[in-house]
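J.: My questions all concern the structure below.
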Amino acid sequence: MPKSGPPESSSGLVVSSELEIDDTKALLALIGPRNERLKILEREAGIEISLRGNKLFLKGDAEGVATAERFLAEAATLYKQGHEVSTDDLTRAVRLVRTESRGTFREVFEDGIIVGNGRKPVALKGLAQRRYVESIRSHDLTFGIGPAGTGKTYLAMACAVAALHDKSVKRIILTRPAVEAGEKLGFLPGDLAEKVNPYLRPLYDAMSEMIDPDKAQGLLARGQIEVAPLAFMRGRTLNDAFVILDEAQNTTSEQMRMFLTRLGQNSKAVVTGDVTQVDLPEGRTSGLYEARALLTGIDGIAFAEFEAVDVVRHPLVQKIIVAYEKRDAERQATFERDQAQRRTRRDG
């Protein structure tokens, strides 16, 4: 086990620290093939790390050394307890705990969603995911808002499957608006089910990772799982159900209001979306954007916000999101500056 504590120094002071890890398997898992994980830890914490035998030598800014020590100490314990931490998880964990002073690596990787069916629990990757799932468990209506790749829909699906498995609900209802993502697809061939199926494919994909195909088909046939476009929700009262509205940024104000008023007795709803990826016609207000403004602060409704740092897809996705967010911020600043100049000229 590690035998050293974090240095008691102010940020900016160069300090050195030594850690001894007496479990060889944990040590090998921590450093990774060709020391690749140590290199990631060096980069993320902004320090230098060297390895001699079963000892790690850390040198750099006091805050970075303290962060690295926290990771190495807690991750070594988690490895010994059988937790698997991927290289991507390592990067995400260091970044999250560096910015979340009250968080621990154990909170990042421990816990999970038991979906039953002999499947492994769905692991929670990061504090944002953990808080999101806690919100779903403790609220009847939860909004998961943030960029693509943060696990919003996948985790909502896992919670739904878990609720169905433990019989706290009788059915799962999955829905999303049938809005084209920036391209006109024309008239699709086939019957109604075949026409809307492309829009609902992501929901089927998430479901297939948690329920065996044969069992899923049986649940669909018996109506215990229903996948339908949002328009099919009108006029219904959804009792004893776990309802997921995906891609909610593409709902209109009227559609969002209609959906939110469908919730019946003993039901739970999760609404997911990304307000930066609205595919509605120009001039239409996103129902998700409006709902966040109207419903924040109402008891019983939770809003879980994700950021670029919470992306769990390919590491490049996070960088892409940050680049677009920077572009959007610059455009907004330019727009506001132009508006201010116009007002100045008009008033002058």
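J.: Expressed in nm², what is the orientationally averaged projection area of the convex hull enclosing the Cα positions of the range 220-348?
T.: Answer in nm², one decimal: 11.7.
J.: A further question on this structure: Can you pick out the pairs among LYS39/LYS80; LYS39/LYS120; LYS170/LYS215 whose Cα atoms lie more than 19 Å from each other?
T.: In this structure, LYS39/LYS80; LYS39/LYS120 lie more than 19 Å apart at Cα.
J.: Find the accessible area per residue for the range 237-310; the probe is 1.4 Å, ligands and nucleic acids are left out, and the unit is Å².
T.: On a per-residue basis, the range 237-310 sits at 48 Å².
J.: Working with all protein chains in place, sort LYS326, LYS80, LYS268 by solvent-accessible area computed with a 1.4 Å probe, largest first.
T.: Solvent-accessible surface, decreasing: LYS326, LYS80, LYS268.
J.: On to the next question. Place a point 7 Å from Cα of THR77 in the direction of its Cβ. Which residues in the range 15-32 have their backbone N less than 19 Å from it?
T.: 18-31
J.: Using only C-alpha atoms and all pairs of different ones, pull out the Kirkwood radius for the range 7-83 in Å with one decimal.
T.: Here the Kirkwood hydrodynamic radius works out to 12.4 Å.
J.: May I ask you to order 140-151, 206-217, 331-342 by the average number of other C-beta atoms within 10 Å around their residues, highest value first?
T.: Packing order, densest peptide first, comes out as 140-151, 206-217, 331-342.
J.: For an R0 of 56 angstrom, estimate the FRET efficiency from the Cβ-Cβ distance between ALA323 and ILE114 and round to the nearest 0.05.
T.: It comes to 0.90.
J.: Could you order TYR204, TYR324 so the one with the most accessible surface comes first? Probe is 1.4 Å.
T.: Sorted descending by solvent-accessible area, the residues read TYR324, TYR204.
J.: For the range 200-296, give the percent of accessible area contributed by carbon and sulfur heavy atoms, probe 1.4 Å, rounded to a whole number.
T.: On the way: 2220 of 4780 Å².
On the range 200-296, the fraction of accessible area on carbon and sulfur atoms equals 47 percent.
The values are calculated or read from the model by the stated rules, or taken from the named source; none is laboratory data. Everything numeric here is computed off the predicted structure, so don't read it as measured data. Positions of Cβ are generated from backbone atoms using ideal geometry, with glycine treated the same way; all protein chains shown enter the neighbour counts. Areas reflect the complete protein model, heavy atoms only, side chains present, ligands, DNA and RNA absent. Shrake-Rupley method; radii C 1.70, N 1.55, O 1.52, S 1.80 Å.
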